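A.B. asks: Below are the C-alpha cells for one structure; questions will follow.
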Amino acid sequence: MSAVSETLVREYFELHEFLVRQHRKHVGQTRRNEDDDIDFFVLNPHPKPAMGELPFVLGSPELSFIERAIVVVKGWHTDTFSPARLEASPGIFRFVEPRVFRQAARAFGKEDTPLKVLVVPALPQTAAARDESIALLRSKGIDAVIPFRTMLADLISKTAPNFNYQKSDVLQLIRILKNYDFFKEPQMELFKPRPGKSRKG
C-alpha cells in the first residue's frame, strides 16, 4: 500500500472533519497479521441522520451521514476494478471476513457496526461491467466504495491557493500547483477550443 495513497485518504476524511486513526504503522517482516489490510478507522463526531439508504458509490455529500467506518485503501492507480480484476484478487476481501472484521470492529466498542468502505482507483465505465463489479463487491460484504477521483477532486477544489498549509505536505503541494495555474476550473475547460478546431465550427 503506497504511503502517498494513504496520505490522500487521510487528508480527505480529515477535510470532512472525521477523526482518523491509522490501524497499524509497522509492516510485519515474516508472518502476515490477519488485519494488515485494514488501513484506517474513521469516526464522524457529528453525523447527520440518514434520510435513506446511502448509495454504494459514495460521493463527498454522503460522508456527512456516515458515523463510523473501517477503510481499506487500494491505490492501484493504473487499474480498474473490473469483475475480472476482482475475481483475480481475492485478498481484497480479506478484511470483511467475519473473524477479521469482528477483531477490527472492537476499535469502536460495542456500538453500531461500522461501515466497510473500500477506496478504489476506478470502476468500469460501461454500465453492465460497472453493475457487475458493484454486485460482486456487495456479495463479498463491502458496504460502499469511494473512487480516488472523487477524493482528489474534492481536495483540489477545497484547497485555497492563498492559504499556507504548512501542517500538510499534500495540501501545500496542491496549493503551490494552483498558485502556478497547473489546475484549471473544470467548467472553463468545457469551453476551451480543441486544437485544430475553429471557433466558428
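A.B. asks: Would you say F191 is assigned to a loop (DSSP other than H, G, I, E, B), farther than 22 Å from I38 by Cβ, touching a helix residue (DSSP H, G or I) at 6+ places or on another chain (Cβ under 9 Å) and modelled with pLDDT under 90?
C.D. replies: no
A.B. asks: If you scan region 84-103, which residues turn out to be surrounded by 15 or more Cβ atoms within 10 Å (Cβ to Cβ), of a type in the set (A, V, I, L, M) and either out of contact with any helix residue (DSSP H, G or I) (no Cβ under 7 Å at 6 or more places or on another chain) or touching a residue at least 60 places away in the same chain (Cβ under 8 Å) (or both)?
C.D. replies: Result: V96, V100.
A.B. asks: Moving to a separate point now. Give the residue that is farthest from L123 (Cα to Cα), with candidates limited to residues of region 55-66 that are surrounded by 19 or more Cβ atoms within 10 Å (Cβ to Cβ) and in contact with a helix residue (DSSP H, G or I) (Cβ under 9 Å, 6 or more places away or on another chain).
C.D. replies: L63
A.B. asks: Further question on the same structure: Please name all residue pairs, on different chains or six or more residues apart, with Cβ atoms under 6 Å, provided the first residue is in region 171-185 and is farther than 14 Å from L152 by Cβ and the second residue is among the β-branched types (V, I, T).
C.D. replies: Final answer for the pair search is R175/T159.
A.B. asks: If I ask for residues that are in contact with a helix residue (DSSP H, G or I) (Cβ under 6 Å, 6 or more places away or on another chain), part of a helix (DSSP H, G or I) and under 21 Å from D39 (Cα atoms), which ones from region 107-154 would you list? Give the derivation first.
C.D. replies: Within region 107-154, the subset in contact with a helix residue (DSSP H, G or I) (Cβ under 6 Å, 6 or more places away or on another chain) is 114, 116, 119, 121, 123-124, 132-133, 136, 140-141, 151, 154.
Filter once more, so that each one left must be part of a helix (DSSP H, G or I): 132-133, 136, 151, 154.
Within region 107-154, M151, D154 meet the criteria.
A.B. asks: Is it true that F81 is part of a loop (DSSP other than H, G, I, E, B) and surrounded by 18 or more Cβ atoms within 10 Å (Cβ to Cβ)?
C.D. replies: Numbers: part of a loop (DSSP other than H, G, I, E, B): yes; surrounded by 18 or more Cβ atoms within 10 Å (Cβ to Cβ): yes.
Yes, satisfied.
A.B. asks: Among the residues of region 124-156, which ones are without any contact (Cβ under 8 Å) to a residue 12 or more places away in the chain and either surrounded by 13 or more Cβ atoms within 10 Å (Cβ to Cβ) or closer than 20 Å to A3 by Cβ (or both)?
C.D. replies: R130, D131, A153
The values are calculated or read from the model by the stated rules, or taken from the named source; none is laboratory data. Just so you know, these numbers come straight off a predicted model, no measurement behind them. Using ideal geometry, Cβ is built from the backbone for each residue, glycine included, and neighbour counts are taken over all protein chains shown.
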